[in-house]
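Q: Handing you a structure now.
The values are calculated or read from the model by the stated rules, or taken from the named source; none is laboratory data. Values in this document were obtained by computation on a predicted structure and should not be read as measured data. No Cβ is skipped: glycine too gets one built from the backbone with ideal geometry, and neighbour counts run over all protein chains shown.
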Amino acid sequence: MRRKQMLVERLRCAGYKITPPRLAVLEVISQEGEHLNPNEILGRAQTIRPGLGRATVYRTLEILTQLGIVRPIYVGESGPMYIRAEGGHHHLVCSECGRIIDFDECVAEEMVHDLRERFDFEITSHLLEFYGVCAACRKLQEANEFKSR
Ligand SMILES: [Zn+2]
Ligand SMILES: [Zn+2]
Ligand SMILES: [Zn+2]
């Protein structure tokens, strides 16, 4: 629960009231690390606090985005998903099925160093995305090609 406490503190320091509905949203966000979709957050937060409204979820996500704790990403047509804004985040995104593969190895360290030197810019986080076609979709494509021959 350390992460939840941290989120509560950040909001409180920024002058936001910690209401029970908001607390339920923070609880869900602190449990789920990555790729939070507002609908899923709503569903889970409602199991903690029935009757919690969609607006509370959106408003809380907006605040967390402003505070630099989460950041929205847009992949495919599924609307925004939220990821942690700190540190590095690395994705392989399939443009056929929208699947996102996360990988932890940072391939950007050298680039971050170079950019800092070149632009005198203090980089605090990054999101790296590579787009392409996943193995399952390629198999499907091959099968379809074979059929149409
Ligand atoms: Zn795919
Ligand atoms: Zn991710
Ligand atoms: Zn990285």
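Q: Considering only the stretch 72-92, state which residues are farther than 24 Å from Gln31 by Cα and either surrounded by 13 or more Cβ atoms within 10 Å (Cβ to Cβ) or more than 16 Å from ligand 1 (Cβ to nearest atom) (or both).
A: The answer is Gly76, and nothing else.
Q: Sort out which residues of the stretch 1-20 are within 14 Å of Leu67 (Cα to Cα) and either exposed (fewer than 11 other Cβ atoms within 10 Å of the Cβ) or in contact (Cβ under 8 Å) with a residue 40 or more places away in the chain (or both), and write them in order of number.
A: Result: Leu7, Arg10, Leu11, Cys13, Ala14, Gly15, Tyr16.
Q: Which condition does Ser125 not pass, out of (1) modelled with pLDDT under 90; (2) closer than 30 Å to Arg138 by Cα; (3) within 12 Å of ligand 3 (Cβ to nearest atom); (4) surrounded by 13 or more Cβ atoms within 10 Å (Cβ to Cβ), if it passes all the others?
A: (2)
Q: Among Gln141, Gln66, which is assigned by TED's automatic domain parsing to the domain that holds Leu26, out of contact with any Ser or Thr (no Cβ under 9 Å at 6 or more places or on another chain) and polar (S, T, N, Q)?
A: Selected residue: Gln66, the only one of Gln141, Gln66 that is assigned by TED's automatic domain parsing to the domain that holds Leu26, out of contact with any Ser or Thr (no Cβ under 9 Å at 6 or more places or on another chain) and polar (S, T, N, Q).
Q: Considering each residue of the stretch 42-72, count those that are touching a strand residue (DSSP E or B) at 6+ places or on another chain (Cβ under 7 Å) and among the β-branched types (Val, Ile, Thr), and give that number.
A: Here the count works out to 2.
Q: Can I ask one more? The conditions are (1) touching a Pro at 6+ places or on another chain (Cβ under 6 Å); (2) exposed (fewer than 15 other Cβ atoms within 10 Å of the Cβ), and Asn39 fails exactly one of them. Which is it?
A: Here Asn39 meets the rest and fails (1).
Q: What about Arg71, is it at pLDDT below 95, within 16 Å of ligand 3 (Cβ to nearest atom) and touching a Ser or Thr at 6+ places or on another chain (Cβ under 8 Å)?
A: Criteria met by Arg71.
Q: Can you give me the number of residues within the stretch 44-75 that are outside any helix (DSSP H, G or I), closer than 16 Å to Leu7 by Cα and not small (Gly, Ala, Ser)?
A: Counting residues in the stretch 44-75 that are outside any helix (DSSP H, G or I), closer than 16 Å to Leu7 by Cα and not small (Gly, Ala, Ser) gives 4.
Q: Hey, among Arg116, Arg99, Arg84, which residue is at pLDDT 85 or above and either under 26 Å from Leu42 (Cβ atoms) or aliphatic (A, V, I, L, M) (or both)?
A: That would be Arg99, the only listed residue that is at pLDDT 85 or above and either under 26 Å from Leu42 (Cβ atoms) or aliphatic (A, V, I, L, M) (or both).
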